[in-house]
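Working notes for the structure below.
The values are calculated or read from the model by the stated rules, or taken from the named source; none is laboratory data. Bear in mind that the values here come from a model prediction, so they are computed numbers and not experimental data. All Cβ positions, glycine included, derive from the backbone under ideal geometry; neighbour counts span all protein chains shown. Ligands, DNA and RNA are excluded from the accessible area calculation, which covers all protein heavy atoms including side chains. Shrake-Rupley method; radii C 1.70, N 1.55, O 1.52, S 1.80 Å.
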Protein chains: 2
Amino acid sequence: MKVLVVGATGQIGRHLVKLLKESKEYTVRAMIRKEEQKEAFEQLGIETVVASLEDTVDAIAESAKGCEAVVFTAGSGGKTGPDKTLLIDLDGAVKTVEAAEKLGINRFIMVSALQAHRRENWNEHIKPYYVAKHYADRVLMQSELNYTIIRPGGLLNEPGTGMISAGETVPGTTIPREDVARIILASLNEDNTYKLSFDVVSGETPIPDALKTL
Amino acid sequence: MKVLVVGATGQIGRHLVKLLKESKEYTVRAMIRKEEQKEAFEQLGIETVVASLEDTVDAIAESAKGCEAVVFTAGSGGKTGPDKTLLIDLDGAVKTVEAAEKLGINRFIMVSALQAHRRENWNEHIKPYYVAKHYADRVLMQSELNYTIIRPGGLLNEPGTGMISAGETVPGTTIPREDVARIILASLNEDNTYKLSFDVVSGETPIPDALKTL
């Protein structure tokens, strides 16, 4: 199964493409925005495709051809401002959903944000970001795709532990990016995560077990 | 029929509340954000309610109680930046839709933007704004409400002429705000506009006729 990773140069994306590359079940294509990002991936033997989330649905679909699953872990980041939040985190995400629909790529994993489904729990400081994530998630849920929406807590750069807490709501607030990548990998073929959205933070349950008991 | 005008202090909103006040078919409640905006409306004999689109769905619903139709013509405007575009033009609009659903107010008119339904036609300079309008419209169309989505061209302050062009696409690019207000008024009970979205610009057809032939 070939997986398109949208946002491959992001911090979760980098972990994820490596995990997919090392796996036996999957092959990976890294979607990148700039030609000069190619080399770092190709040195690792990872296929790349250059495409922008500000481009059309057709262009995004072109970059996904031949894949059987799409992971959206792109984000405009804190530095670019809320105009890019609208264009990338919301419209870019939805265009990726529409590209998958167009190609008949059924499996779609979205990296969202803790409690993005509940306005009353949105972090005041990054509320506009939450609005974008919320509506991207809503469109995905209303699609016919076989989605999984993973809503991680505050992202840390420290090494993953493989131990998490996952559910509709969870005790805890943070999680290493490496663990989010592992959760995505473990979710891809885990039918218990199909058509499901859930929070994830660091916890006391091994990832496969946490996903099995959602 | 009492109509809640959300965005009553906006330039379309001001025209609209006056038209509603002068009409025989409707009464009007102006939703305003600040206490100090009350007086200007009350001097005209127009009922007001103070509420913020950054508040909860419940609070917005509270302000709509007793109304039988809602018009959303609020906008964060160009001065506040795209963070408010996300909070007001997108999430504020959707919260208003949800408030109407909650109260069982079936009739909902949304003021959108020319070609908001087609990404390829979005104005490059205000693309983030278009993203917000697009997704607010999408949520409304997916609701059970009896909606009308009016997508005006570039808004002018000159007096209205009452002559427009309306349709899925239209020739022309601008329209006076006063005419948009008249179109809203004429749409409220025009069943030919129910569950419909359309562009409007200045044209050669009287408003009632243009709406009849959509």
_Could you check the range A:68-87 and list, in sequence order, the residues that are open to solvent by less than 10 Å² (accessible area, probe 1.4 Å) and not β-branched (Val, Ile, Thr)?_
A:Ala69, A:Phe72, A:Leu86
_Total residues in the range A:37-86, condition hydrophobic (A, V, I, L, M, F, W, C) and within 14 Å of another protein chain (Cβ to nearest Cβ)_ = 6
*Can B:Tyr135 be described as among the aromatic types (Phe, Trp, Tyr) and in contact with a Lys or Arg (Cβ under 9 Å, 6 or more places away or on another chain)?*
yes
*Of the residues in the range A:6-40, how many are small (Gly, Ala, Ser), open to solvent by 10 Å² or more (accessible area, probe 1.4 Å) and assigned to a loop (DSSP other than H, G, I, E, B)?*
3
*Of the residues that sit in the range B:170-188 and are out of contact with any helix residue (DSSP H, G or I) (no Cβ under 6 Å at 6 or more places or on another chain) and open to solvent by less than 80 Å² (accessible area, probe 1.4 Å), which one is modelled with the lowest pLDDT?*
B:Gly172
_Scan of the range A:138-151 for residues that are under 19 Å from A:Val200 (Cα atoms), open to solvent by 10 Å² or more (accessible area, probe 1.4 Å) and in contact (Cβ under 8 Å) with a residue 40 or more places away in the chain, ordered by number_ = A:Met141, A:Tyr147
_Residue satisfying condition, being within 14 Å of chain B (Cβ to nearest Cβ) and either more than 30 Å from B:Leu140 (Cα to Cα) or in contact with a Pro (Cβ under 9 Å, 6 or more places away or on another chain) (or both), within set A:Tyr129, A:Tyr135_ = A:Tyr129
*Please state which of the following conditions A:Ile46 fails to meet, knowing it meets all the rest: (1) within 26 Å of B:Arg118 (Cα to Cα); (2) in contact with a helix residue (DSSP H, G or I) (Cβ under 9 Å, 6 or more places away or on another chain).*
(1)
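Quick check on B:His117: is it in contact (Cβ under 8 Å) with a residue 60 or more places away in the chain and either part of a helix (DSSP H, G or I) or not aliphatic (A, V, I, L, M) (or both)? Steps first, answer last, please.
Details: in contact (Cβ under 8 Å) with a residue 60 or more places away in the chain: yes; either part of a helix (DSSP H, G or I) or not aliphatic (A, V, I, L, M) (or both): yes.
So B:His117 fits the description; yes.
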*Lone qualifier among B:Tyr135, B:Tyr147 - being in a strand (DSSP E or B) and not hydrophobic (A, V, I, L, M, F, W, C)*: B:Tyr147
*asked:* One residue is enough: does the range A:130-137 have a residue meeting the conditions open to solvent by 50 Å² or more (accessible area, probe 1.4 Å) and modelled with pLDDT of 95 or more?
replied: no
_Considering residues of the range A:64-80 that are modelled with pLDDT under 95 and among the polar types (S, T, N, Q) only, the residue farthest from the chain's Cα centre (by Cα)_ = A:Thr80
*Hey, could you check the range A:52-63 for residues that are open to solvent by less than 20 Å² (accessible area, probe 1.4 Å) and more than 15 Å from the chain's Cα centre (by Cα) and say which is farthest from A:Gly10 (Cα to Cα)?*
A:Ala61
*Given the structure, is B:Pro159 part of a loop (DSSP other than H, G, I, E, B) and open to solvent by 10 Å² or more (accessible area, probe 1.4 Å)?*
yes
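Which residue, of B:Pro159, B:Pro176, B:Pro171, B:Pro208, is away from chain A (no Cβ under 14 Å) and either under 26 Å from A:Val131 (Cβ atoms) or under 15 Å from the mean Cα position of the chain (by Cα) (or both)?
B:Pro176
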*Does the range A:88-107 contain any residue that is open to solvent by less than 10 Å² (accessible area, probe 1.4 Å), away from every other protein chain (no Cβ under 14 Å) and under 26 Å from B:Pro128 (Cβ atoms)?*
yes
*Scan the range A:182-203 and report the pairs whose first residue is farther than 20 Å from A:Val139 by Cβ and whose second residue is of a type in the set (A, V, I, L, M) and open to solvent by 50 Å² or more (accessible area, probe 1.4 Å), with Cβ atoms within less than 8 Å and a gap of 6+ or a chain change.*
A:Leu188/A:Met1; A:Asn189/A:Met1; A:Asn192/A:Leu214; A:Ser202/A:Met163; A:Gly203/A:Met163
*Taking the range B:138-156, which residues are touching an Asp or Glu at 6+ places or on another chain (Cβ under 9 Å) and within 8 Å of another protein chain (Cβ to nearest Cβ)?*
B:Val139
*A:Thr205 is checked against (1) open to solvent by less than 10 Å² (accessible area, probe 1.4 Å); (2) more than 28 Å from A:Glu98 (Cβ to Cβ) and fails just one. What number does that condition carry?*
(1)
